[in-house]
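Here the structure comes first, spelled out in structure tokens, and everything after it is commentary.
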Ligand SMILES: Cc1cc2nc3c(=O)[nH]c(=O)nc-3n(C[C@H](O)[C@H](O)[C@H](O)COP(=O)(O)OP(=O)(O)OC[C@H]3O[C@@H](n4cnc5c(N)ncnc54)[C@H](O)[C@@H]3O)c2cc1C
């Protein structure tokens, strides 16, 4: 593949000129240059961030388009940033202080719910919670559920999954339309907010801008499908003997409860203990099980119809208690159970030095795969405490573990290599199931993707960003 060459710019401005122009056109709220004020835009959610030359925050799609033109005219390198909850360092600048942060924090110029179309058009800077608050007023919801509160633009860019992907899919499956701004031709606005449920008339910007972590352009607006708000849910935490039993249980419960199943999350005993010992943590089982699953069933049909999900769930669980697939069950404490699930990541991190993996394999391979991972960890780092959990219903696992502080970096590198080789080469799985690609895991993108895919990604990246000014990775 050819190396990047700086393409011709019609105008070229100095950084000082750029600052003056941004300030004059966008106003003082749009520009952050002081070290203390920049800090919030420099730190990643999990990995160390960097240093921003400055932060610019346009407040509309038009301002975004104009700003990108200005940044490119000044030959400035910039990184699109939403709520900075991403876990692969994709939204933070590098350490050398040369990159700008292009934040969507103030890009909140539209949030419109179309009740009859069952959709919402929402600017990139709104948070998932903002969208759901507006949708709930109409008895609707955007059903992506996770332990953070990301921006809509960041969700499109990373194709967020979450705990209810099993039932609803991720962002991509719920995206009707997207608007974005490209780096070439500088500041071009593309896509739309037509909200069509179907449209097969050729190239679709949503396919290019969703799940490609901002490599091809900046998302300014999305039109998403909404779903009827659930009128009843029933949730249980179930103790099981092993992850193999958990997968059998998943199939048995899906056979009995069908489309009502909206989440099926796996939690190891060690991860449950981590939450129990975390400030404000809960203990629900008298003895920590080896493995547990959270099941949620839900429906937009209310109790008045005669449908009673709690009775259905209890009936299905009793059957599996008798079959020996369930050892113990906690039912009827949905808030407490979901709080445990959503605090797992933080609780494990609180135990010490955490090494995390975001993996996925086929559901049918999951149990064997998990056992093999545990063997690899026991061999490479016998003192590691594996506190894995994940979206079992879709084959996802966050193989997070706590290792001694003083363990040599080389040992951790070997562990990572072996786990990723096992996942991708032996189990045909994913080394980044839902967190996308950023500086943190670019090395494995380069190692595991096939040459044809990498070459085409590189060509597209070069085409859309010929001067390599957008984002903090290059798809080479
Ligand atoms: C506790 C916790 C739990 C999580 N659980 C899950 C989970 O269950 N499932 C899951 O999928 N993720 C999960 N995540 C990861 C994270 O929340 C998602 O990746 C999220 O969607 C990122 O959105 P953001 O607004 O924070 O984006 P950022 O972190 O700001 O950015 C992420 C990437 O998107 C790019 N980007 C941001 N905004 C735009 C834009 N407008 N246009 C173009 N590119 C843009 C950035 O450059 C970067 O590459 C979790 C994170 C945390 C901290």
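What the table below lists for this structure:
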quantity	calculated
Check on residue 102, more than 8 Å from the ligand (Cβ to nearest atom) and part of a strand (DSSP E or B)	yes
Residue satisfying condition, being within 16 Å of the ligand (Cβ to nearest atom), at pLDDT 95 or above and within 23 Å of the chain's Cα centre (by Cα), within set 30, 83, 61, 45	83
Among the residues listed as 295, 326, the single one being buried (at least 16 other Cβ atoms within 10 Å of the Cβ) and either within 29 Å of the chain's Cα centre (by Cα) or within 21 Å of residue 274 (Cβ to Cβ) (or both)	295
Filter result for residue 374 (in contact with a strand residue (DSSP E or B) (Cβ under 7 Å, 6 or more places away or on another chain), closer than 20 Å to residue 270 by Cβ and surrounded by fewer than 19 Cβ atoms within 10 Å (Cβ to Cβ))	yes
Of the criteria (1) at pLDDT 95 or above; (2) assigned to a loop (DSSP other than H, G, I, E, B), which one residue 71 fails	(2)
Count - residues of the stretch 207-254 that are within 16 Å of the ligand (Cβ to nearest atom) and either surrounded by fewer than 21 Cβ atoms within 10 Å (Cβ to Cβ) or not in a helix (DSSP H, G or I) (or both)	17
Those residues of the stretch 116-157 which are surrounded by fewer than 19 Cβ atoms within 10 Å (Cβ to Cβ), within 14 Å of the ligand (Cβ to nearest atom) and part of a helix (DSSP H, G or I), in sequence order	129, 130
Single condition residue 176 does not satisfy, out of (1) within 11 Å of the ligand (Cβ to nearest atom); (2) in a strand (DSSP E or B)	(1)
Entirely in the stretch 381-476, the helices (runs of 4 or more DSSP H) that have 1 or more residues that are surrounded by fewer than 22 Cβ atoms within 10 Å (Cβ to Cβ) and within 14 Å of the ligand (Cβ to nearest atom)	442-448, 451-464
The stretch 90-104 residues that are on the phi > 0 side of the Ramachandran plot, paired with ones that are surrounded by fewer than 24 Cβ atoms within 10 Å (Cβ to Cβ) and in a loop (DSSP other than H, G, I, E, B) (beta carbon under 9 Å, 6 or more apart)	97/50; 97/51; 97/53
Residue list for the stretch 158-172, filter: in a helix (DSSP H, G or I) and either over 19 Å from residue 220 (Cα atoms) or without any contact (Cβ under 8 Å) to a residue 24 or more places away in the chain (or both)	165, 166, 167, 168
The one condition in (1) touching a strand residue (DSSP E or B) at 6+ places or on another chain (Cβ under 8 Å); (2) outside any loop (DSSP other than H, G, I, E, B) that residue 108 fails to fulfil	(2)
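The values are calculated or read from the model by the stated rules, or taken from the named source; none is laboratory data. This one's a predicted model, so the numbers in the text were calculated from it and none came from an experiment. Here the Cβ is made from the backbone with ideal geometry for all residues, glycine too, and neighbour counts use every protein chain on show.
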